[in-house]
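Beneath this line is the structure, given in structure tokens, with notes to follow.
The values are calculated or read from the model by the stated rules, or taken from the named source; none is laboratory data. Predicted model, so just to flag it, every value in this text is computed and none were measured. Cβ sites come from the backbone with ideal geometry, for glycine too, and all protein chains shown count toward neighbours. The area values use the complete protein model at the heavy-atom level, side chains included, leaving out ligands, DNA and RNA. Shrake-Rupley method; radii C 1.70, N 1.55, O 1.52, S 1.80 Å.
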Amino acid sequence: MKKFAVIGDPVQHSMSPAMHNAVFAKLGLDCIFEKVRIQKGRMENEFASLRADYSGLSVTIPHKIAVMPLLDKLDKSAELVGAVNCVDFDGGKSKGYNTDMAGAVDSLKAVVGSLKNKKILVLGAGGAARAIAFGCALEGAEIGIWNRTEKKAAVLMEELKKAGARAWKQKEPADILINATSVGMSPLPEETPIDTDFLESSMTVMDIVYNPLETKLLKEAKKRGCATVDGLEMLVRQGAKALDIWLGIEAPLNVMRKAAERELKT
Ligand code: ATR
């Protein structure tokens with residue numbers, strides 16, 4: 001049997017076990033996905049036993065950066081984002097990935113097709129925003145970053161440009177607006193990260209917040225006729241990317257999504 005786990009602290013509310021175990025059951029795979037609480041500062045001590053016990057790990061707060069120096073190799077996604085959320089132990093070597101990048105890109109592509117030359121405004125400059133912005137930049141999109149703390153937006157934009165990203169000039173309206181902040185999350189679901197007058201019907205609007213599933217931003221976007229992508233879609237697709245890395249399987253997205261929706265209701 002192959003074992004996988006999500007490691008973090010807190011880890012009890014992670015939706016990864018439900019999503020991944022639903023896929024293992026559906027496909028009849030002899031695999032199990034567990035939750036392991038590892039406190040901040042304990043990664044280095046625990047890593048050898050995790051490596052011995054598991055075939056792969058999902059990594060969440062507070063270990064996404066701390067795990068990096070312990071790994072044999074980093075995928076380009078992890079190098080660009082500067083954080084690892086997925087570890088593969090294959091053939092005795094450990095490799096770190098950032099699957100949020102593919103999760104965001106795949107979610108958008110499923111709705112708008114190619115991202116090449118699309119003008120994308122990312123709200124936020126934290127870890128999630130970095131993964132989304134680098135992912136979209138590599139697809140040939142033009143990127144703009146807006147953040148409450150302007151300095152952080154400027155720093156991220158400079159890093160994106162160094163990696164070859166094209167900046168959105170703001171002369172034409174954005175094609176895609178992405179909320180990569182926590183604004184709109186329960187218990188403050190009436191908040192939006194941007195004035196909703198900014199929304200135009202031609203835009204595709206994506207939100208990384210999935211609690212509530214339909215945020216105020218997405219509700220307002222739908223009212224204006226925008227196409228929308230919710231936060232669960234990105235969560236599901238980053239998980240599907242991890243299953244591809246670990247097992248080389250194309251995960252049934254609907255099975256993962258239903259499992260995640262069930263978890264949200266509990
Ligand atoms: P994550 O890794 O999930 O992206 P993070 O690194 O803490 O989390 O980043 C959170 C993002 O949400 C930041 O861009 C943050 O803005 P600041 O850089 O100004 O802190 C943004 N954010 C959080 N609360 C916000 C609020 N109430 N209004 C606007 N932006 C907010």
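How tilted is helix 127-138 with respect to the longest principal axis of the chain? Cα atoms for both, answer in degrees (0 to 90, nearest 10).
Once rounded, one gets 70 degrees.
Per the Kirkwood formula on distinct C-alpha pairs, the Rh of the stretch 112-196 is how many angstrom?
13.0
When the Karplus curve 6.51 cos²θ - 1.76 cosθ + 1.60 is applied with θ = phi - 60°, which whole-Hz ³J(HN,Hα) does each residue of the stretch 13-18 get, with x for Gly and Pro?
3J(HN,Hα) across the stretch 13-18, in whole Hz: 9, 4, 8, 4, x, 4.
Nearest 20 debye, what's the magnitude of the dipole of the chain about its Cα centre given +1 on Lys and Arg Cβ and -1 on Asp and Glu Cβ? Walk me through the numbers before you get to the answer.
Details: 37 positive and 34 negative charges, 32 e Å.
With only Lys, Arg, Asp and Glu charged at Cβ, the dipole is about 160 debye.
From the backbone phi of the stretch 205-213, what are the Karplus-calculated ³J(HN,Hα) couplings (6.51 cos²θ - 1.76 cosθ + 1.60, θ = phi - 60°) in whole Hz, Gly and Pro given as x?
Going residue by residue, I get 10, 10, 10, 7, 6, 10, 9, x, 5 Hz, with x marking Gly and Pro.
How much accessible area per residue does the stretch 101-229 have, counting only protein heavy atoms and a probe of 1.4 Å, in square angstrom?
47
How much FRET efficiency would the formula 1/(1 + (r/R0)^6) give for Ile65 and Asp30, where r is the Cβ-Cβ distance and R0 is 30 Å, rounded to 0.05? Don't skip to the end; give the middle numbers.
Values: r = 33 Å, r/R0 = 1.09.
That pair, Ile65 with Asp30, gives E of 0.35.
Would you please give the residues with an amide H less than 5 Å from that of Cys86, counting only those at least 5 places away or on a separate chain, with H modeled from the backbone geometry?
Val59, Tyr97, Thr99
Gly144's amide H: which non-local residues (gap 5+, or another chain) put their own amide H closer than 5 Å, with H modeled 1.01 Å from N in plane and none for Pro or chain starts?
HN-HN under 5 Å from Gly144: Ile120, Leu121, Val122, Trp168.
Just want the answer: with Cβ charges of +1 for Lys and Arg and -1 for Asp and Glu, which residue in Thr99, Leu138, Thr266 is farthest toward the dipole's positive end in the chain?
It is Leu138.
Mind checking which of Asp197, Asp100, Asp230 has the largest fluctuation in a GNM of the chain, springs on alpha carbons under 10 Å?
Asp197
Across 10 Å bins from the origin, how do the percents of Cα pairs in the stretch 116-266 run, short distances first?
11, 37, 36, 14, 1
What does the charge count around Glu142 come to, taking other residues whose C-beta lies under 14 Å from its C-beta (Lys +1, Arg +1, Asp -1, Glu -1)? Please list the in-between numbers first.
Details: positive: Lys116, Lys118, Lys119, Lys161, Arg166, Lys169, Lys171; negative: Glu139, Glu172, Asp175.
Result for the local shell: +4.
If you take every DSSP beta bridge whose two residues both sit in the chain, what share of them, in percent to the nearest 5, is antiparallel?
20
Using alpha carbons only, how many degrees (0 to 90, rounded to 10) separate the axis of helix 150-162 from the longest principal axis of the chain?
70
Please build a GNM for the chain, connecting alpha carbons under 10 Å apart, and tell me which residue among Ala52, Ala174, Ala137 fluctuates the most.
Most flexible of the set in this elastic network: Ala52.
What is the log10 of I(q)/I(0) for the chain, computed with the Debye formula using one identical point scatterer on each Cα and no solvent, at q = 0.08, 0.11, 0.12 Å⁻¹?
-0.31, -0.60, -0.72
Got a number for carbon plus sulfur as a percent of the chain's accessible area, 1.4 Å probe?
C and S atoms contribute 49 percent here.
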